[in-house]
Structure formats: C-alpha cells, structure tokens
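Worksheet: one structure, shown below.
The values are calculated or read from the model by the stated rules, or taken from the named source; none is laboratory data. Computed from a prediction, not measured in an experiment: that's the story for all the values here. Here Cβ is always computed from backbone atoms with ideal geometry, including for glycine, and neighbour counts include all displayed protein chains. The protein model used for the area step is the full one, side chains on, heavy atoms only, and it has no ligands, DNA or RNA in it. Shrake-Rupley method; radii C 1.70, N 1.55, O 1.52, S 1.80 Å.
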Amino acid sequence: MSTSSFQRPLGFLALLAVATALVLAALYCVAFVARPDVTLGIVQKIFYFHVSSAIAMMLCLSSGSLLSLVDLVAPSDRVDALARSAIETGLAFAVLVLTSGPLWARKSWGAWWTWEPRLTLTLLLLLLAAAVLGIRALAPDGTGRKIAAALASLAAPVAYLIHVAVAKWGGTHPMVLQGGGIQSPGMQITFRVALLAIALFAATLWTLRFRVLRLEQRLLNLQLEFSAQDVRQQREGGPT
Amino acid sequence: MLLRLTWLLLQKDLRIALRSREVFGFMLLFALLCVVVFAFGFLREGEAAAAQVPGALWVTLLFSGTVGLLRLFTAEDEGGTLQLAQRTLAGPHPLLLSKALMQLLFSGVTTLLILPIVLVFFDAALAQPGVVLAALALGLLGQAMLGALVAALLVHVRLREVLLPLVLYPLLAPLLIAGVRATVLAQAHAPAEALNGWLGLMLAYDALVLAVAPWLHARVVEV
Amino acid sequence: MTRLAAEAVGWAVAGRFVLVDVDLALAAGSLTALTGENGAGKSSLLALLAGSRKPARGVVKLDDVPLADIDAAHLARRLARLDHTPGLYLELSALENLKLFHGLLHPSRPEPAIAALLERVGLARRDHDRPVRGFSRGMLQRTALARVLASGADVWLLDEPSTGLDRAGSALLADVLDDARRQGAAILLATHDPALLPLADRQLHLAHGHVVATEAA
C-alpha cells in the first residue's frame, strides 16, 4: 500500500470539490432551469435525483458484485476494500431511491408503492446488500470476507433474473429515458447535470469509504505487527 | 467418484434422519401450520378461497423449506464431523450435494403431503396438475441447492437463524415469483405459451444455481 | 525424517498474535509431547498443523510441501486429528462411523477389520452396533481413537487424548501410541497427563507464543 496517497489527499479533495460544485449546480438547474412538468407539476423534479440515484446504485452494486468475484478468485486486500465500499455506497443510494421513489409515485401513479420491476428489484437489492454486510460483520474471525464475497457475486446474476421475473409480472414504470418523456431542452440539461453530479457524489462517497477501509486494514496490520513484537519482547524479558 | 461419495454421505444422512426423525416431522408440522395461518389471514366470507391457493402453497413451501436447512450443517458440528466430511477425494462437493439432496427429499415429501391438504382447505382442484407439479419440482430443486449453499456458508456465523432467511428469500425471489405466476396461470387454464416463459425462467434459475453453487462453496470452505 | 514441520508460524486472534515464530518438526517414528498453560495456544497450534486454519505468518509443511499446495483429500489420508470433539456421528454406531470414514478416505481400498480395531481400543462387541450418542466420554474417546487408527494416517495430532479415559483406557492409549510410533507415525500429543508424558521422545513447552523449552525425556 502506498502511504503517499494518504498523506497527499489532493486527488480526493479535488474530487470532493468538483462533486460539491456539481451538486450545487444541479440544485440550481432543478430549481430554476427546468420548468415544472405540465401534467405532474413540481413533484416531477424529484425525477432528476431519483433516476440519477438509481443509476448510481446499480453501478455501485454491480461493481461491488463483480469486485467480490475478483476477490474470491484472486484475494487481495485492495480489491476487498473496493468491493466492500462499493456495496456500502450502493446501499446508501438504494435508500435514496426508495425514499424518493414513493414520493414521485404517489403523484404520478396515485399510489405510494407499486410492484414495478425496478422498484421491486431495488428493494430486494437493499435487503440483500444489508444482509451481506451484516454477515460479514457477524462471521467469526476472518471468514466473513469470503462468505460475503460469495453471496455478493451470486447476487448479480440473480438480480438480473429478479428483474426479468418482475418485468414479466407486469409493471408501470415510466419509460422516461427510452420514450423521451422529457422534451424541453431545460429539462434535458438539468437531467444531464444532475446525473453527472450524483455520479461524482457516488464516486466521492465510494472513494471516501475505500480510503477509510484501507486505513483500517493498515491499522490492523500495524496493530498485528506491534502485538507480534510485544510477544517477542515478553519472551526475551521473561524466564525461559 | 463424486456420485459415489455423495451417495455415501446421503446414505449416512438418511440413516440418521430415520433414527432421529425429529427434523422432518417438525418441518411437516410447520408446513401444516403455515397453511392454517394462511387460511386465517386471507380467507374471507363470500370470496373464492381457491384464488389463494398458489400464494398459500408457495409461501408455505418457502417457509417450511427453511426450517431444517441450518440443521443439515449444524448437525455436522455436533460430533465435530464437518471437516472430516469436507475433505474427500472429490473435494467438498459431495457434502454440499448430499445436503441439497436431503433437503430436496424433505421438501419433496412435504409438498406431496401438503398439496392435497391445501386443496382441501381452500376448496380447490388442480386445473393442470402436470404444469403445477413441474413448477413445484423446478422450484424445490433451486431452493434446495441454494438453501444448502447458504446454510453451508452461514454454519458458523452468529445470528445465522436470522440471517439465513434474510439472504435466502431475496435470492429465491425469481423462483417464487415464477412459481406463483405459473401456478396462477395453470389454474386459469392458460395456454402453454404463457406458461413456458415462467417455467423457462425457473429452468434458467436452476441451471445458474446448480452450476455456480458448488464452485462458490468450494471457494469459501477451502479445507 | 521430518514428516510435519512448522516454520516461523504465527497465529492471531482478534488482531493480537497468540503464536509468534513457532518452529516445530515432527520426525517419522517419534512421539512429541506438547505442554503449556491453558490459553497458551496448544489447540490453535494443532489446528494450524492440521491445516484447518491458515497461519497468519509462516508455513506448515508435510514432507517438505506447504499444506496450501496439498489437496485436502490427500491431507485427510495422511493426517489424523483428535480434539475435544470426537469426530463421530452421534446417531451412528461405532461400526457404522468407522465404515463411513473408511469409505470417504479410501473408497477403492478394501475395508480393514473394523470390529477387530474396535476391540483393540477396548470396545466390547455388544457396543459396536448401538448409536455412540449413548456412549460415555471415555467410550467416545476410545471410538475416536479407533477412527484415528483406521484412517491409516502417519501423522497424528492429538489434543488431550486421555480426556475421560479411565486407568485401563490410559494404558491402552499409551500402548496404541507406542505401536503407532514403532510403525513410523509422527505423533504430537498436547497433554498434561503424567501417565503419558514419560512415553514421549521429547517434551516441548508452549509459552510466550512459541515453543520455549525443549528437553529430551
């Protein structure tokens, strides 16, 4: 592990600064650039953050699953920290999606919740991610990492099948992106800015967690090294 | 070699199950209880009870299939035999397969016993028995394999009794959705084309789990 | 000739090292006794030597090959372990247990005279066919010893093997160990039993996280 990246967190600070600026810009666009939707009114503005959060969540969780698989095949502390921080970030965004989703759904579909493919998948992924992180914490010394990695790698293909199943079951999610539901240029620009802002926000959180986990790993290694020296010293000092 | 060792371990589990009888008996009682609770929760005067059959049946099987799952592996801990059973010439695969087969046997017998009871309680008849049985077979197969894998992974984890369903049920969602839908359609005399999609999905799920579970298991236990 | 060797092995629990720089070699045809206070790490060391746990530092080798490179089935045939659990299915009889483990370890080899083995460890014929769940601690220990004998392994790692054994049982254990040593087995015995210690070729003491005292018995 390179110590320099921790001592000189310039890259991270730059990321943080750009992400912050973009989030502010997105808020400005949402408030002043995009006009309220003709039929849905002001509530439609949740869309910009809801959809972006959903995309960020899917990216984080699928990366987490893939990285878990990599760690299972070729174990490495760095990959493990990347995978774990990805799943944690994905979980945070899943919470965002599931709070913003019903607010929008209430207005546009008239119900807080529908068993619609993407919403259902998000809910199940949230439960799975929470369970995987929980297992990792509760497994005996050192075994949690592999168990969590195995379950996380299984989750991606199963998530695909869940999506197929719920979609077949029938859903009413607005096909905004495919169908071109947002027509006005102001709305389109706002959506792009919001998407970029949320993506960078997710990257910032992910990087932050990754750095913390790497520091934790380093601390643990140092602690181990000290305890080994401790045992050696006792040995020399004590009667043999 | 794989089949021979799996058979050896399966024979052992069958013999133990016949001698102690406990797990299977409770699994069956629990399944029965689920059906009764379903009737309490969902049956109303003046509404057709038969409409509740698919849901009651599948959820009962999902729940009762979880009861004895952890026991399959914690039983190996009792006499300290887990590692002895894992270190075989065919790797840890025979152990996982024998446990999955045990689970399949238990849940299969439970299904055959509970299905007529559900039909009687909910005053219904199977419109297309072949389709429903095929869906049940596919569902139980995937559930047994995935259940055995998750139980094997969680055997030494704290709070495993709570964590097992928390992980297992979301992972089983495609099977449950497809199983319930296929049963609903079958009961409504739907044409084969409508049913094939759901059965195909279950088949794909089973293929995925059967292919991946042994590899993941071996990767994690590594003894 | 060295069968099993630990080289600079370290083991940590919850972020703290319990064993540090442990070096140990078990020669063929030798019996080594390992003593140490409760919590000194005897059982952990045995688990590391058996490959049930991976050392945090260092390496354990069987015939000069690191355990990580040895396939689990081969390890199970070469290395037998007896710890605080008997390693038996409690609902099965002694005979069924031993037959099962023979089938798992050596599927293509003819079955040895298992009944004779059980009699060797002092288990009367009438006890061969009843579930071992009804056995006393001592009888379980004897059956577990028969499992080790039947495995055909030439490296034995035994953790307090005389637990629950009566005087006759202890003598019998000593006899079995002596026999196995003469046939070339490398045996490590974690024990404080004064009846077994004199039997050892050498006695090692585990303290301060490593093997400190080495004395010829």
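Put simply, chains C and A cover up around 1200 Å² of each other's accessible surface, both sides summed, when a 1.4 Å probe is used.
For the pair A and B, the buried accessible area comes to roughly 2700 Å² in total, with a 1.4 Å probe and the value rounded to the nearest 100. Specify the inter-centroid distance of the range B:8-82 and the range A:216-236, based on alpha-carbon positions, in whole Å. Measuring centre to centre over Cα atoms gives 49 Å. What residue among A:D37, A:D71, A:D230 has the largest mean-square fluctuation in a Gaussian network model of chain A, using Cα springs under 10 Å? So, out of A:D37, A:D71, A:D230, the one fluctuating most is A:D230.
Taking all Cα pairs closer than 8 Å and separated by 6 or more residues, the relative contact order of chain C comes to 30 percent.
Annotation: Cα Rg of the protein assembly as shown relative to the compact-globule expectation 2.2 N^0.38 Å equals 1.14. Residues of the range A:111-151 that lose at least 20 Å² of accessible area (1.4 Å probe, protein heavy atoms only) when the other protein chains are present, relative to their chain alone, are A:L124, A:L127, A:L128, A:A131, A:I135, A:L138, A:P140, A:D141, A:K146, A:I147, A:A150, A:L151. Close amide H partners of C:A27, meaning residues 5 or more places away or on another chain with modelled amide H under 5 Å apart, are C:R3. Please report the antiparallel percentage of the DSSP beta bridges confined to the range C:111-217, to the nearest 5. Roughly 55 percent of the beta bridges in the range C:111-217 run antiparallel, per DSSP. Hydrodynamic radius of the range B:160-223 by the Kirkwood approach over all distinct alpha-carbon pairs: 13.7 Å. Amide H contacts of C:A12: C:V18, C:A56, each under 5 Å away and 5 or more positions distant or on a separate chain (H built 1.01 Å from N in the peptide plane; Pro and chain starts excluded). When the alpha carbon gyration tensor of chain C is reduced to an equivalent ellipsoid, the three semi-axes, largest first, read 28, 19, 16 Å. Take the Cβ atoms of B:V59 and A:A137, set R0 to 30 Å, and the FRET efficiency comes out at 0.55.
The residues of chain C expose on average 40 square angstrom of accessible surface per residue, using a 1.4 Å probe on protein heavy atoms.
Calculated on C-alpha atoms, the gyration radius of the range A:15-237 divided by its Kirkwood radius gives an Rg/Rh of 1.09.
Counts of other chain beta carbons within 10 angstrom of each beta carbon in peptide C:131-143 average 1.
Counting only other residues whose beta carbon sits under 15 Å from that of A:F191, what net charge do I get with K and R as +1, D and E as -1? Please report the intermediate quantities before stating the final value.
Details: positive: A:R35, A:K45, A:R192; negative: A:D37.
Net local charge, A:F191 excluded: +2.
Per residue, how much accessible area does the range B:102-200 have with a 1.4 Å probe, in Å²? Each step should come with its number before you reach the end.
Details: 3620 Å² over 99 residues.
Spelled out: the 1.4 Å probe surface of the range B:102-200, per residue, equals 37 Å².
Quick check: the distance between the Cα centres of the range A:117-149 and the range C:148-205, to the nearest angstrom? If we compute the Cα centre of each part, the gap is 45 Å.
If only the Cβ of Lys and Arg carry +1 and only the Cβ of Asp and Glu carry -1, the dipole of chain B around its Cα centre is close to 580 debye. Length available on full extension from B:E193 to B:A49: 0.36 nm per residue minus the Cα-Cα distance, which gives 49.2 nm. Summarising the amide proton neighbourhood of C:L34: residues at separation of 5 or more, or on other chains, whose placed amide H is nearer than 5 Å comprise C:L189, C:A190, C:T191, C:L204. Helix B:69-78 and the longest principal axis of the Cα set of chain B meet at an angle near 20°.
Kirkwood Rh over Cα pairs of the range B:2-222 into Stokes-Einstein at 25 °C, 0.890 mPa s: D in µm²/s?
135
Work through the residues other than A:I46 whose Cβ is under 11 Å from its Cβ and net out their charges, Lys, Arg +1 and Asp, Glu -1. Summing Lys and Arg as +1 and Asp and Glu as -1 gives +2.
In whole percent, how big is the carbon plus sulfur part of the accessible area of the range B:2-222, probe 1.4 Å, protein atoms only? Numbers along the way, then the final one.
Values: 6310 of 9020 Å².
Percent of accessible area from carbon and sulfur atoms in the range B:2-222: 70.
Summarising the label geometry, the points placed 7 Å from Cα in the beta-carbon direction at C:A8 and A:K168 lie 5.7 nm from one another. Accessible surface for the range A:15-237, divided over its residues, is 48 Å² per residue with a 1.4 Å probe.
Computing the accessible area with a 1.4 Å probe over protein heavy atoms, can you report the carbon and sulfur percentage for the range A:15-237? Show your work: numbers first, answer last.
Values: 7430 of 10590 Å².
Exposed carbon and sulfur together represent 70 percent of the surface.
Buried accessible surface for the B/C pair, both sides summed and rounded to the nearest 100, is 2200 Å² with a 1.4 Å probe.
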